Amino acid sequence: MAAAGGSSPLLTSDLGAQARVQRRTLLILALATILGGLGVGASLSAGALLIADITGNPALSGLGSTMNAVGAAIAGMPLAKLAAQRGRRIALTTGNLIAVGGAALVITAAALHFGPLLFLGLAVLGIAVAVQLQSRFAAADLALPERRGRDLSMVVWSITIGAVTGPNLVGPGERLGDAAGLPGLAGIFIITIAAQFAAACVVWFGLRPDPLFESRRLVRVAEKAAGPQTSAAGAPDQSVSRIPQYLAISVIALAHAVMVGLMAMTPLHLTHHGGSIELVGFTISLHIAGMYALSPVFGYLSGRFGAIPVVLAGFVVLGLAAVGTFVGGDNVVIIQTALVLLGLGWSMATVAGATLLTDLTPLAHRPKRQGQSDTAMNAAGALFGAASGVLFDAGGFPVLSVVAGALILAGIAVAGRLALLARG
């Protein structure tokens, strides 16, 4: 099954030249992701505070991350289609520039004190998240099959810098907003504009040759050398079943839904049990570290032992996290441990899942499937994130954890089905 995308004619090309281009590609993508992540990490924190300030209803502040996810979900497939037609460089740059427009809308909404425009701006800004997701797939375009998981995970890891550093820019952003005559919280989005524009410039000037187009060129060269019996790089491969590809998309979406749902209610759970804002911030930081810090390890393990075992292990770790949130109650150590496990399980399932999807999909169809995966992933996160509030209100973390457990069991079943298909 993995041979559909795992073995590639481009392996017969000049591997030394391919490796040099891939190293440069990874460097450019990592730098652009760090820059873009700074703006995203900062704006998520400020967006929640702005919603509470403008609407006067703190209960609506959680909609900031929801709108961000909705924007990312909507943008996933159009960006992938653009990449297939015009290349990764055009798609990623376009996404960054649209995100600049989203940040500008947020600033305008803050200045006008107009809530609907604020929600629209946060949704448009969510395109920056879609760009980050597509960047990890761009890192796999020229990667050798055995290094695909590792290369993809290096771009995922680079998100860590922005995710951790970004929220610390809220203070400087407030001072910048005051200096510009804007509401203080709007100032952080000036930094977001600068960061997204810088990321667009890095990709536009640095991502040459385009990794997707270069991989297609290498396939054509290899197929020409191999003779007419091989199919053209851009031709659909009718012999490859789409079912495993959709199953891989499903495991990524299920893992992401579990992570978003449990993470979204953690601040409320901690404060309900007397936790301080500082405790909430520290716990979420631990969770974010779990999400990204070890992603290269999981990418390496995917290449070493196969992506499906890592996906299965990821769902087992997610299950341990759900047990922790179910029994945690007012025990801060258990809740924090559960949140770290939640991040680790998510990282294992999504890094290995993205590697698996790339392996399973013929080159001609990869951008389309990758876009479908990003859309499904963000849509699942937005839906379960929104439902988590209702479930939490009905029975706290125990009820939410039980529903998350059902999603985890579904993920294990899907991954098990993939394993059976792999055995043939």
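About its Cα centre, the dipole of region 241-423 is roughly 800 debye, where the only charges are +1 on Lys and Arg Cβ and -1 on Asp and Glu Cβ. Proximity of backbone amide H atoms, modeled 1.01 Å from N, is registered between R208 and no other residue at under 5 Å, excluding neighbours fewer than 5 places apart on the same chain.
Its Cα centre serving as origin, the chain has a Cβ charge dipole (Lys and Arg +1, Asp and Glu -1) of approximately 1500 debye.
A quarter of the convex hull surface defined by the alpha-carbon atoms of the chain gives 19.0 nm² as the mean projection. Per residue of the chain, the DSSP helices (runs of n ≥ 4 H) give a summed -39500 (n - 2.57) that works out to -28500 deg cm²/dmol at 222 nm.
At 10 °C and 1.306 mPa s, what whole-number value in µm²/s does Stokes-Einstein give for the translational diffusion of region 241-423, with Rh from the Kirkwood sum over Cα pairs?
Taking Rh from Cα pairs, D becomes 97 µm²/s.
Each of M77, A338, G37 was placed along the dipole of the chain (beta-carbon charges, centred on the mean Cα), and the one lying farthest toward the positive end is M77. Enclosing the Cα atoms of region 21-219 in their convex hull gives a volume equal to 100 cubic angstrom per residue. When only the Cβ of Lys, Arg, Asp and Glu is charged (+1, +1, -1, -1), the dipole of region 21-219 relative to its Cα centre reaches about 860 debye. The residue list V164, G187, M154 was ranked by how far each Cα lies along the charge dipole of region 143-198 toward its positive end, using unit charges on Cβ atoms, and M154 comes out on top.
Calculated accessible area for the chain comes out at 39 Å² per residue, all protein chains present (probe 1.4 Å; ligands, DNA, RNA ignored). When each of the peptides 344-357, 326-339, 69-82 is scored by the mean number of other C-beta atoms lying within 10 Å of its residues, the order from highest to lowest reads 344-357, 69-82, 326-339.
The values are calculated or read from the model by the stated rules, or taken from the named source; none is laboratory data. Just so you know, these numbers come straight off a predicted model, no measurement behind them. All Cβ positions, even for glycine, are placed from backbone atoms using ideal geometry, and neighbour counts span all protein chains on display. Accessible surface areas use protein heavy atoms only, side chains included; no ligands, DNA or RNA. Shrake-Rupley method; radii C 1.70, N 1.55, O 1.52, S 1.80 Å.
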